[in-house]
Amino acid sequence: QVQLVESGGGLVQPGGSLRLSCAASGRIWSLYGMGWYRQAPGKQRELVGFISSSGTTNYGDSVKGRFTVSRDNDKNTVYLQMNNLKPEDTAVYYCNAKKEFFQQLLNDFWGPGTQVTVSS
């Protein structure tokens, strides 16, 4: 069965760092793009960072230069390194995996999310 499980969330002070992990099982994940979205209360879900099966990355404008997404295909794990955290980064962070064929979405899987709170 497909399973994506996030870990590493918690409370951190402004300017601090956190590293989120997403452990995936149930598919050949090296064929998928994988990454992170987030949603704060009262706001729309937004892209944080994504890495394709070939290693190409893209980020939301609000996190560029501060966050880095990476993946370890041998461990079936995707990471989100978050540096210089700001209160506006507070949200539930969701792991996502997508399989595409010439830009057509074939599969779209989600984890249950992990809370990140940036506060003094």
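Out of the residues in region 51-67 meeting the condition of being open to solvent by 70 Å² or more (accessible area, probe 1.4 Å) and among the hydroxyl-bearing types (Ser, Thr, Tyr), tell me which one is nearest to Met82 (Cα to Cα). Break it down into steps so the answer makes sense when it comes.
Filtering region 51-67 down to residues open to solvent by 70 Å² or more (accessible area, probe 1.4 Å) leaves 54, 56, 58, 61, 64-65.
Narrowing further to those that are among the hydroxyl-bearing types (Ser, Thr, Tyr): 54, 56.
Numbers: Ser54: 22, Thr56: 18 Å.
Filtering first and then ranking leaves Thr56.
Here are the criteria: (1) part of a strand (DSSP E or B); (2) out of contact with any Ser or Thr (no Cβ under 8 Å at 6 or more places or on another chain). Tell me which single one Gly15 does not satisfy.
The one condition Gly15 does not meet is (1).
All but one of (1) over 15 Å from Gly8 (Cα atoms); (2) among the aromatic types (Phe, Trp, Tyr); (3) touching a residue at least 24 places away in the same chain (Cβ under 8 Å) hold for Tyr59, so report the exception by its number.
(3)
Just one of Gln81, Gln115 is touching a residue at least 40 places away in the same chain (Cβ under 8 Å), in contact with a Lys or Arg (Cβ under 8 Å, 6 or more places away or on another chain) and not small (Gly, Ala, Ser); which is it?
Gln81
From the list Asn96, Asn73, Asn83, which residue is touching a Ser or Thr at 6+ places or on another chain (Cβ under 7 Å) and within 15 Å of Arg27 (Cα to Cα)? Let's see the steps before the verdict.
Values: Asn96 fails: touching a Ser or Thr at 6+ places or on another chain (Cβ under 7 Å); Asn83 fails: within 15 Å of Arg27 (Cα to Cα).
Sole residue among the options that is touching a Ser or Thr at 6+ places or on another chain (Cβ under 7 Å) and within 15 Å of Arg27 (Cα to Cα): Asn73.
Given the conditions (1) of a type in the set (Asp, Glu); (2) touching a strand residue (DSSP E or B) at 6+ places or on another chain (Cβ under 7 Å); (3) at pLDDT 95 or above, which single one is not true for Glu100?
Every condition holds for Glu100 apart from (3).
In the set Asn96, Asn73, which member is open to solvent by 30 Å² or more (accessible area, probe 1.4 Å) and among the polar types (S, T, N, Q)? It would help to see each step written out before you state the result.
Details: Asn96 fails: open to solvent by 30 Å² or more (accessible area, probe 1.4 Å).
Being open to solvent by 30 Å² or more (accessible area, probe 1.4 Å) and among the polar types (S, T, N, Q) holds for just one of Asn96, Asn73, which is Asn73.
Look through Asn58, Asn76 and report the one residue that is touching a Phe, Trp or Tyr at 6+ places or on another chain (Cβ under 7 Å) and on the phi > 0 side of the Ramachandran plot.
Sole residue among the options that is touching a Phe, Trp or Tyr at 6+ places or on another chain (Cβ under 7 Å) and on the phi > 0 side of the Ramachandran plot: Asn76.
For Glu6, are the conditions met, namely being open to solvent by 90 Å² or more (accessible area, probe 1.4 Å), in contact (Cβ under 8 Å) with a residue 60 or more places away in the chain and assigned to a strand (DSSP E or B)?
No: the conditions fail for Glu6.
Considering only residues of region 24-50 that are in contact (Cβ under 8 Å) with a residue 12 or more places away in the chain, hydrophobic (A, V, I, L, M, F, W, C) and farther than 16 Å from Gln115 by Cα, which is surrounded by the fewest Cβ atoms within 10 Å (Cβ to Cβ)?
Applying the filter and picking the extreme gives Leu31.
The values are calculated or read from the model by the stated rules, or taken from the named source; none is laboratory data. Worth saying up front: this structure is predicted, and the values here are computed from it rather than measured. For neighbour counting, all protein chains shown are included, and Cβ atoms are generated from backbone atoms with ideal geometry for every residue, glycine included. To get the accessible areas, we keep the full protein, side chains included, count just its heavy atoms, and leave off ligands, DNA and RNA. Shrake-Rupley method; radii C 1.70, N 1.55, O 1.52, S 1.80 Å.
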